[in-house]
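The values are calculated or read from the model by the stated rules, or taken from the named source; none is laboratory data. Remember, it's a predicted structure, so these values are computed and weren't measured experimentally. Glycine also receives a Cβ, built like all others from the backbone with ideal geometry; neighbour counts cover every protein chain displayed.
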Amino acid sequence: MIKRLDKSQYSKVIPLVRGLDRYLSVRAVLQEDVEGFVYADDVMSPDTYFVWEISGDSGFYLEGEPSEGRAIEVNRVIREELYAIGNESSRCVDFTLYTYPQAWEEYIPLILKDTYPRRYFRRSFLLDKPKTREIDLPTGFYLSNVDRDFLDRRLDGDEHVRKWVEDPWRSKERFLEKGFGLCIHTDTEAVSWSLADYVSGNRVEIGIQTNKKYRRRGFASMVIDAMVNGAIERGFDRIGWHCWGDNDASASTALRAGFNEIEKAQVRNARSKRAKGTDSIFC
């Protein structure tokens, strides 16, 4: 039976994180850097784990020994426990399920029974042992760390940065303690920014966003170069990046910045209630 673990038991799961280790969000939950729940098939000697990383991009991660019984148990946890938590807190509107190994595919209909799943792809990129980069900003544009001073001031458009600090990091203080970010801006307006989503050991995963007014002007590449330098300064030498399979702009930015694509994985996005326009549901 799949059981929810106490935080003191999370260390039992860490050795099982292998195929899904490309998603640093799993370790972020196990390290208690971000909010989430951890389940396992056995408290003392688990061989299968299931993690819910609670954020705006809610992720369910299932890795271990596939079986019909475990698939049914995971479905029970999703529908009876996690949906209940989500309904109470308005968090679990939808989620994306990641599984490993491939043999779990046989059991997807059982795992996601009554969750209205749709199939998508996620692309994963990695920049390994990067070198410091030169950054040449146009006149009138500035580069700032997303630190306490930055968050204490106000720029037009910086609400997106502030929201990112709160999700998935939960609080400004936690972000300032473990995370980091860079923002290109004018005197009055946020232009392009990149923040750490998750960190663990020598690894960091980052994301990027650019103000619509300033797109296609090279600012995304500039802020990524700055973020690479910031990662190096902080001792990170493996930088991860993920995007949806149809997000060609994000993938192109990653490739231009020197990231290598390491995987295109099939995932399922599902929800507790059927949404409009989802009559054609498929696994």
Among (1) in contact (Cβ under 8 Å) with a residue 24 or more places away in the chain; (2) within 17 Å of SER25 (Cα to Cα); (3) touching a Phe, Trp or Tyr at 6+ places or on another chain (Cβ under 6 Å); (4) not acidic (Asp, Glu) - the single one ILE239 does not satisfy: (3)
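Out of the range 81-101, which residues are modelled with pLDDT under 95 and over 17 Å from the mean Cα position of the chain (by Cα)? Even if it seems obvious, please write down each step before you answer.
Our first condition is that a residue be modelled with pLDDT under 95; within the range 81-101, this holds for 81-96.
If the condition is that a residue be modelled with pLDDT under 95 and over 17 Å from the mean Cα position of the chain (by Cα), then GLU81, LEU82, TYR83, ALA84, ILE85, GLY86, ASN87, GLU88, SER89, SER90 are the ones that fit.
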Any hit, the range 161-175, residues being surrounded by 14 or more Cβ atoms within 10 Å (Cβ to Cβ) and over 27 Å from ILE54 (Cβ atoms): no
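How do the helices (runs of 4 or more DSSP H) wholly within the range 1-113 filter down when requiring 3 or more residues that are among the aliphatic types (A, V, I, L, M), free of Cβ contacts under 8 Å to residues at least 60 places away in the same chain and crowded, with 20+ Cβ neighbours inside 10 Å: which remain? Give the steps one after another, and end with the answer.
On the way: elements: 24-30, 68-76, 83-89, 108-111.
Fully inside the range 1-113 and qualifying: 24-30.
Regarding SER124, is this residue in a strand (DSSP E or B) and either modelled with pLDDT under 95 or under 30 Å from ALA190 (Cα atoms) (or both)? Walk me through how you get there before you give the answer.
Numbers: in a strand (DSSP E or B): yes; either modelled with pLDDT under 95 or under 30 Å from ALA190 (Cα atoms) (or both): yes.
So SER124 passes the test.
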